[in-house]
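> Please read through the structure below; I'll follow up with questions.
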Amino acid sequence: MFKSWLKVSDTCECCGLDYRFAAPDDGPAFFSLCLIALPLIFVVVWIQVAYNPPIWVHLVTSVPIMVAGCLLPLRPIKGWLVASQYVNRSQEAGTERLWNQLHGRTKGSNFDD
Ligand SMILES: [Zn+2]
C-alpha cells in the first residue's frame, strides 16, 4: 500500500481500492512519539540519574535507539491508521461527496448500510 517509505499509493495493488480517502496526517508521528519516545526518555533519564554515565554512552546507545524506535514503527502505524480510517469510514467535514464517489454510494446513504 506504500509507493515509498511513507507515501501511500493511489490504489491498492491487490483489490484496486482507491486510497484518496487516506489522510492520517501527523497520526503516525504522534503515536510513535507517545508510545516509544516518551517511555524511552524516562529510561534515558533514569540511566543518567542512576549511573551518571559520560555523554558518549548516550550518543552510542540512547540516540540510535531513539531514532530507530521512532522511525521504524511509522510505516506500520500509518498502515494501521489508514485501515482504521477505511473501516470506520472516517471523513473530514465536507468530504462526504468524495466518499460517496469513491465507494459508489448515493448521497446521504454512506452510514445507512
Ligand atoms: Zn486491497
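The values are calculated or read from the model by the stated rules, or taken from the named source; none is laboratory data. These numbers were taken from a predicted model, which means no experiment stands behind them. Glycine gets a Cβ as well: all are built from the backbone with ideal geometry, and neighbour counts include every protein chain shown. SASA here: full protein model, heavy atoms, side chains in, ligands and nucleic acids out. Shrake-Rupley method; radii C 1.70, N 1.55, O 1.52, S 1.80 Å.
> Of all residues in segment 82-95 being open to solvent by 50 Å² or more (accessible area, probe 1.4 Å) and not hydrophobic (A, V, I, L, M, F, W, C), which is modelled with the highest pLDDT?
Tyr86
> Going through segment 1-56 one residue at a time, which ones are part of a loop (DSSP other than H, G, I, E, B), away from the ligand (no atom under 16 Å from the Cβ) and open to solvent by 70 Å² or more (accessible area, probe 1.4 Å)?
Correct list: Trp5, Lys7, Asp25, Asp26, Asn52.
> How do the pairs read when you match residues in segment 96-112 that are closer than 16 Å to Ala23 by Cα and modelled with pLDDT of 55 or more with residues anywhere that are open to solvent by 80 Å² or more (accessible area, probe 1.4 Å) and not in a loop (DSSP other than H, G, I, E, B), using Cβ under 8 Å and keeping only pairs 6 or more apart or on different chains?
Every condition considered, the pairs that remain are Leu98/Arg20; Leu102/Arg20.
> When both residues are 6+ apart or on different chains and their Cβ atoms are under 7 Å apart, which pairs have a first residue that lies in segment 56-67 and is in contact (Cβ under 8 Å) with a residue 12 or more places away in the chain, and a second that is surrounded by 13 or more Cβ atoms within 10 Å (Cβ to Cβ) and assigned to a helix (DSSP H, G or I)?
That search, which allows pairs on different chains as well, returns His58/Val44; Ser62/Val44; Ile65/Leu40; Met66/Ala37; Met66/Leu40.
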